[in-house]
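Below is one structure, written out as structure tokens; the observations come after it.
The values are calculated or read from the model by the stated rules, or taken from the named source; none is laboratory data. Predicted, not measured: the structure shown is a model, and the values here were computed from it. Cβ coordinates were reconstructed from backbone atoms using ideal geometry, including for glycine residues, and neighbour counts include every protein chain displayed. Side chains included, ligands, DNA and RNA excluded: accessible areas come from the protein's heavy atoms. Shrake-Rupley method; radii C 1.70, N 1.55, O 1.52, S 1.80 Å.
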Amino acid sequence: MSDLNDLYQQVIIDHGRKPRNFGKLANANHIKEGYNPLCGDKLTVYLREENNQIIEAQFEGEGCAISMASASLMTEALKNKTLAEAEILFGAFHELLTNDGDEDEKLGKLLVLAGVKEYPMRVKCATLCWHTARAAWKNEDVTVSTEL
Ligand code: ZN
């Protein structure tokens, strides 16, 4: 198990240091900013959605390694998902980190973040990007803050 944890940790460190899909998405049609005042994580999620499918997902911002790694992994996971699938993924990920949810296999690579639930202060770092992305695809007219 500790080998697996090491592997998970390496993936998180790698994504935290070299976030994938980082930067502004010029043709995004859903954009939302999110803020986690507890840690200071701040990010903007950009989505390009066509016919209820997420074609592109990118983000930019700054924050702790967990917040950057989670956003990086999320943008990879959301690409080519329908909005219905993205909604299911959001639910499964949220359950995993807040409610002792199952290690649902549909979460795929996102499961590397399962260990974050051992650190309650860090859960908001990992879920910020998801709350932000969901507000983006649902066109919610709010600024996302994990304190709301
Ligand atoms: Zn953080």
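Relative to the first principal axis of the alpha-carbon coordinates of the chain, what is the inclination of helix 65-78, with its axis defined by its Cα atoms, in degrees from 0 to 90 and to the nearest 10? Compared with the principal axis, the helix lies near 60 degrees.
Along the axis of the charge dipole computed for the stretch 2-148 (Cβ charges of +1 for Lys and Arg, -1 for Asp and Glu, origin at the Cα centre), the listed residues Ala133, Gly23, Ala65 are led at the positive end by Gly23. Using 19 Å as the cut-off for backbone N distance, which residues of the stretch 119-137 belong to the label zone defined by a point 7 Å from the Cα of Gln9 along Cα→Cβ? Backbone N within reach: 119-123, 126.
Using helices alone, what [θ] at 222 nm do you get for the chain, with -39,500 (n - 2.57) per DSSP H run of 4 or more residues, divided over all residues and rounded to the nearest 500?
About -14500 deg cm²/dmol.
Does the stretch 37-97 come out rounded, prolate or oblate by the C-alpha gyration tensor, with a ≥ b ≥ c the root eigenvalues, rounded set by a/c under 1.5 and, if not, prolate when a/b is larger than b/c and oblate if not?
Details: a/c = 2.53, a/b = 1.48, b/c = 1.71.
It comes out oblate by the Cα gyration axes.
Only lysine pairs 8 or more places apart or on separate chains count here, and in the chain those with Cα atoms under 21 Å apart total 27. Note down the nm distance, to one decimal, between modelled labels 7 Å out along Cα→Cβ at Lys24 and at Glu62. My value for the distance between the label points is 1.7 nm. In terms of the mean number of neighbouring beta-carbon atoms within 10 Å, the peptides 123-129, 139-145 order highest first as 123-129, 139-145. Positive-end ranking of Leu78, Asn52, Leu38 along the dipole of the stretch 31-148, with charges on Cβ about the Cα centre, is headed by Leu38. Carbon-plus-sulfur accessible fraction, the chain (probe radius 1.4 Å, protein heavy atoms only): 47%.
Is the shape of the stretch 1-132 best called rounded, prolate or oblate, per the rule: a/c under 1.5 gives rounded, else a/b larger than b/c gives prolate, else oblate, with a ≥ b ≥ c the square roots of the Cα gyration tensor eigenvalues?
Prolate.
Rounded if a/c is under 1.5, else prolate if a/b is larger than b/c, else oblate: which is the stretch 71-138, with a ≥ b ≥ c the root eigenvalues of its Cα gyration tensor? Prolate is the answer for the stretch 71-138, as a/c is 1.5 or above and a/b outweighs b/c. The separation of the stretch 90-114 from the stretch 120-136, counted between C-alpha centres, amounts to 13 Å.
When ligands, DNA and RNA are left out and all protein chains stay put, how many square angstrom of accessible area per residue does the chain have with a 1.4 Å probe?
53
Here the contact order of the chain, divided by its residue count and restricted to Cα pairs under 8 Å and six or more residues apart, works out to 29 percent. Here r is the Cβ-Cβ distance between Arg17 and Thr98 and R0 is 22 Å; the resulting FRET efficiency, rounded to 0.05, is 0.25. About its Cα centre, the dipole of the stretch 38-148 is roughly 180 debye, where the only charges are +1 on Lys and Arg Cβ and -1 on Asp and Glu Cβ.
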